1. Got a number for carbon plus sulfur as a percent of the chain's accessible area, 1.4 Å probe?
2. By accessible area of protein heavy atoms, probe 1.4 Å, what ranking do 155, 126 get, highest first?
3. Of all the Cα-Cα pairs you can form in the stretch 16-110, what percent are over 23 Å apart?
4. Could you work out the longest stretch of the chain that avoids the trypsin sites (Lys or Arg not before Pro) located in DSSP loops with at most 14 other Cβ atoms within 10 Å?
5. Per-residue HN-Hα couplings for the stretch 3-15, Karplus 6.51 cos²θ - 1.76 cosθ + 1.60 at θ = phi - 60°, whole Hz, x for Gly and Pro?
6. Per-residue accessible area for residue 93 at 1.4 Å probe radius, Å² rounded to 10?
7. Tabulate in residue order the Karplus-calculated ³J(HN,Hα) for the stretch 163-174, using 6.51 cos²θ - 1.76 cosθ + 1.60 with θ = phi - 60°, rounded to whole Hz; enter x for Gly and Pro.
8. Using θ = phi - 60° and the Karplus relation 6.51 cos²θ - 1.76 cosθ + 1.60, list the HN-Hα couplings for the stretch 128-133 in order, rounded to whole Hz, with x at every Gly or Pro.
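The values are calculated or read from the model by the stated rules, or taken from the named source; none is laboratory data. Bear in mind the structure is a predicted one, so any value in this text is a computation, not a measurement. Positions of Cβ are backbone-derived with ideal geometry, glycine not excepted, and every protein chain shown enters the neighbour counts. These area figures cover heavy atoms from the full protein model, side chains too; ligands, DNA and RNA do not enter into them. Shrake-Rupley method; radii C 1.70, N 1.55, O 1.52, S 1.80 Å.
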Amino acid sequence: MLAVAGGKGRCGKTTTTLGLGAALGRTGRETLAVDADRDMPDLHVVADVPAEPNLAALADGKPVESAAHPPPALRGVEVVPAPPATGMDASLSTALPRVADAADRVLLDCPAGAGPAAAVPFRHADSVLVVTTPVPACLRDAAKTAAMARALDTDVAGAVLTRAERDPGGVERLLDCPVLATVPDVDANAPTAAGDRRDSGRRVLAADAVERAYDRLAATVVSKHL
């Protein structure tokens, strides 16, 4: 399992979870995206799927096949929403081992920061993908997230730099891991090729430049066997 983590909220973790999941799906790989974020459980909102069944159902023994299928733009990735905040840690600890081998790739959309809530999915993940914007405060918090993963003996596979055309330099040294992809900033309010009016997260994922960036990230993830 690959944990998608970051130091600050709105750094692009959920977008990266779905963008990478969809890109892996385009390569023919079964992908499961799991919301492990207690405070901002919005994976199902961005993916436009129901809030149930969720991780609590899986913890109660429901089959992983009950995961929801997102719209065509995210074809190839199934979504497991977060359970209610009450009992979240118990649901995670019970359900995450059950989903570990449920697909070719399992992506965990983690809570922001480096606190106890983020530590739970880190303990179950094989590797961590750190997501950050180029903003200094976000980078500093991302470094704390990477440090916590290493303190838990979880491999830090690399970083994804969002809302950036290029690596400004110094990010690999700060996070002590390679930058695997940069994802450009796009106007979430601009018309899409399909002309539909969608939520900003889905509109960002529909942008050609963003899709290409996640395709490149997926190729790297596959080549590194993450």
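1. 49
2. 126, 155
3. 13
4. 76-165
5. 7, 9, 10, x, x, 10, x, 6, 8, x, 5, 5, 4
6. 60
7. Calculated HN-Hα couplings, in order: 6, 8, 7, 7, 6, x, x, x, 5, 4, 5, 5 Hz.
8. 10, 10, 8, 10, 8, 8
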